[in-house]
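S.K.: My questions all concern the structure below.
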Amino acid sequence: MDNILVTGGAGFIGSHTVVELLNAGYGVVVIDNLVNSSMESLERVKKITGKSVKFYQADLLNMEALQNIFEEENISSVIHFAGLKAVGESCKIPLAYFNNNITGTINLLMAMEKYNVKSLVFSSSATVYGKPESVPISEDFPLSVSNPYGRTKLIIEDMLRDIYKADTSWNIALLRYFNPIGAHESGEIGENPNGIPNNLLPYVSKVAIGELEAVNVFGNDYDTPDGTGVRDYIHVVDLAEGHIKALEKLTSNPGLVTYNLGTGTGYSVLEIIHNFEKACGKKIPYKITERRPGDIDMCYANPEKAKKELGWEAKRDIDKMCEDAWRWQSKYPKGF
Ligand code: NAD
Ligand code: WQD
């Protein structure tokens, strides 16, 4: 059987995508060095689906380990999630981010080329739009970045565009995610950040469970309806389903294609807090603090292209996102 190689498959979005791949009947091989995840997530994937994956605990920086996978497994396509993703950390240790994300991707691409596997789905990010001039954001908006993490995404996108230009036998889907949240509805897998979360939803969730005292709302003087930042939150299972659609698309030889994966609707920080309160049945204390450097006021997708060309759209609303995140948090308060 042909297998899909999933890099970073033990992580948050990766594990949810592996569930959808297995449910759709694909064979799955995962490579992950577990730097930001645990093997337990793949055990839970087995619990959910009744199916297992072939797992390699290895680093993308290890070329030999990578080649061994292509040698051993019959890989037809790659979904590439593996990378470091904390914006703040990337400003402190940019070189580690460049090495891990960019060199890791170059190794992967070299192995793919060597073994003639030229079908790739890449995890890009809405961060490549920088500070957009207007919302909603379409795929043809100008690209720019303001931090080393974002730069790794833009550089990898640029590399892939160059590679495709030079060799049009590649099929590549660049998927630009907006703000993935939520968890599998079984409550068995979900986001499991190390230490104090950087992102809003896991922070709110940890306040709800009593691990953190209050949410710091980073500024209420933005140019938005209630003054707090507006984002396009998308359920991680909708996102995972988008990957299956992208993979199917690649079989029709589309060349290099780029899609926003978002809902098209923006919610403010305060709206998120209130929705989460509804989901968990508790009051969530918060305080307004300074703006976080680098944050923008509004960011949400025009998701029409993915709808038209992939037949994909997000189906799960903000209530479902908060309910599922809470189910995971309350079922496993300490994570994996
Ligand atoms: P995650 O940290 O949960 O998953 C990434 C996985 O990659 C982890 O399991 C980690 O152990 C693994 N990994 C990292 N470096 C590796 C390496 N060198 N070799 C092997 N494995 C390695 O993050 P996630 O939220 O699931 O994100 C997945 C991808 O989506 C990332 O590329 C991220 O940049 C991108 N993305 C995430 C978001 C988000 O908000 N979560 C938004 C846009 C894009
Ligand atoms: C959301 C909103 C904050 C935390 C980041 C990356 C982006 C992408 C997704 C990977 C903003 C506010 C947050 C808190 C707050 N990742 N906030 N208090 O910044 O939109 O996007 O994750 O590609 O590249 O930049 O997400 O969840 O950090 O913030 O008030 O404790 O919540 O100001 O308005 P962001 P976020």
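S.K.: Within the range 4-51, can you find the residues that are outside any helix (DSSP H, G or I), farther than 24 Å from ASN101 by Cβ and of a type outside the set (Lys, Arg)?
M.R.: Those that are outside any helix (DSSP H, G or I), farther than 24 Å from ASN101 by Cβ and of a type outside the set (Lys, Arg): ALA24, GLY25, TYR26, GLY27, GLY50.
S.K.: Here is a follow-up. Under the condition of being under 25 Å from PHE98 (Cβ atoms) and among the polar types (S, T, N, Q), which residue from the range 52-67 is surrounded by the fewest Cβ atoms within 10 Å (Cβ to Cβ)?
M.R.: The extreme case among them is GLN57.
S.K.: Right, next: Can you tell me how many residues within the range 204-218 are surrounded by fewer than 18 Cβ atoms within 10 Å (Cβ to Cβ) and within 7 Å of ligand 2 (Cβ to nearest atom)?
M.R.: Step one: list which residues in the range 204-218 are surrounded by fewer than 18 Cβ atoms within 10 Å (Cβ to Cβ), which gives 209-214, 216, 218.
With the extra rule that they be within 7 Å of ligand 2 (Cβ to nearest atom), the set shrinks to 216, 218.
Adding up the residues that qualify gives 2.
S.K.: Name the one entry in ILE79, ILE48 that is away from ligand 1 (no atom under 11 Å from the Cβ), within 24 Å of LEU239 (Cβ to Cβ) and at pLDDT 95 or above.
M.R.: ILE48
S.K.: Follow-up question, since we're still on this one. Would you mind stating whether GLU113 is over 30 Å from ARG291 (Cβ atoms), in contact with an Asp or Glu (Cβ under 6 Å, 6 or more places away or on another chain) and not aromatic (Phe, Trp, Tyr)?
M.R.: No, not satisfied.
S.K.: Can you pull out the residues in the range 307-329 that are within 14 Å of ligand 2 (Cβ to nearest atom) and in contact with a Gly (Cβ under 6 Å, 6 or more places away or on another chain)?
M.R.: MET321, ALA325 - these are the residues of the range 307-329 that are within 14 Å of ligand 2 (Cβ to nearest atom) and in contact with a Gly (Cβ under 6 Å, 6 or more places away or on another chain).
S.K.: Moving on. More than 14 Å from ligand 1 (Cβ to nearest atom) and either within 21 Å of ILE156 (Cα to Cα) or among the polar types (S, T, N, Q) (or both): is that true of SER41 in this structure?
M.R.: Judged against the criteria, SER41 is not a match.
S.K.: Continuing with this model, one more query. Looking for whichever is touching a helix residue (DSSP H, G or I) at 6+ places or on another chain (Cβ under 8 Å), polar (S, T, N, Q) and within 12 Å of ligand 1 (Cβ to nearest atom) here; the options are THR103, THR127. Which one fits?
M.R.: Exactly one of THR103, THR127 is touching a helix residue (DSSP H, G or I) at 6+ places or on another chain (Cβ under 8 Å), polar (S, T, N, Q) and within 12 Å of ligand 1 (Cβ to nearest atom), namely THR127.
S.K.: What number of residues within the range 141-180 are in contact with a strand residue (DSSP E or B) (Cβ under 9 Å, 6 or more places away or on another chain) and away from ligand 1 (no atom under 16 Å from the Cβ)? Quick ask: steps written out before the conclusion?
M.R.: If we filter the range 141-180 for residues that are in contact with a strand residue (DSSP E or B) (Cβ under 9 Å, 6 or more places away or on another chain), which is where we start, we get 149-150, 153-154, 156-157, 160-161, 163-165, 168, 170-180.
Those left that are additionally away from ligand 1 (no atom under 16 Å from the Cβ): 161, 163-165, 168, 170-171.
Count: 7.
S.K.: Let me ask something additional. Out of all the residues in the range 297-306, is one or more acidic (Asp, Glu) and within 11 Å of ligand 2 (Cβ to nearest atom)?
M.R.: For the range 297-306, residues acidic (Asp, Glu) and within 11 Å of ligand 2 (Cβ to nearest atom): present.
S.K.: Residue under question is SER38, and the condition is that it be hydroxyl-bearing (Ser, Thr, Tyr), touching a Lys or Arg at 6+ places or on another chain (Cβ under 7 Å) and either surrounded by fewer than 21 Cβ atoms within 10 Å (Cβ to Cβ) or farther than 24 Å from LYS85 by Cα (or both); does it hold?
M.R.: No, not satisfied.
S.K.: Here is a follow-up. In the range 87-130, how many are among the basic types (Lys, Arg) and in contact with a strand residue (DSSP E or B) (Cβ under 9 Å, 6 or more places away or on another chain)?
M.R.: Here the count works out to 1.
S.K.: Sticking with this structure for a sec: Which is touching a His at 6+ places or on another chain (Cβ under 7 Å) and either small (Gly, Ala, Ser) or loosely packed, with under 15 Cβ neighbours inside 10 Å (or both), of SER123, SER76?
M.R.: Working: SER76 fails: touching a His at 6+ places or on another chain (Cβ under 7 Å).
None of the others qualify; the one that does is SER123.
Listed here are the residues, each with its yes/no results for (1) over 18 Å from the mean Cα position of the chain (by Cα); (2) among the polar types (S, T, N, Q); (3) within 23 Å of MET63 (Cα to Cα).
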{"position": "LEU95", "(1), (2), (3)": "yes, no, yes"}
{"position": "LEU108", "(1), (2), (3)": "yes, no, yes"}
{"position": "THR127", "(1), (2), (3)": "no, yes, no"}
{"position": "PRO132", "(1), (2), (3)": "yes, no, no"}
{"position": "SER138", "(1), (2), (3)": "yes, yes, no"}
{"position": "PRO142", "(1), (2), (3)": "yes, no, no"}
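The values are calculated or read from the model by the stated rules, or taken from the named source; none is laboratory data. Worth saying up front: this structure is predicted, and the values here are computed from it rather than measured. Using ideal geometry, Cβ is built from the backbone for each residue, glycine included, and neighbour counts are taken over all protein chains shown.
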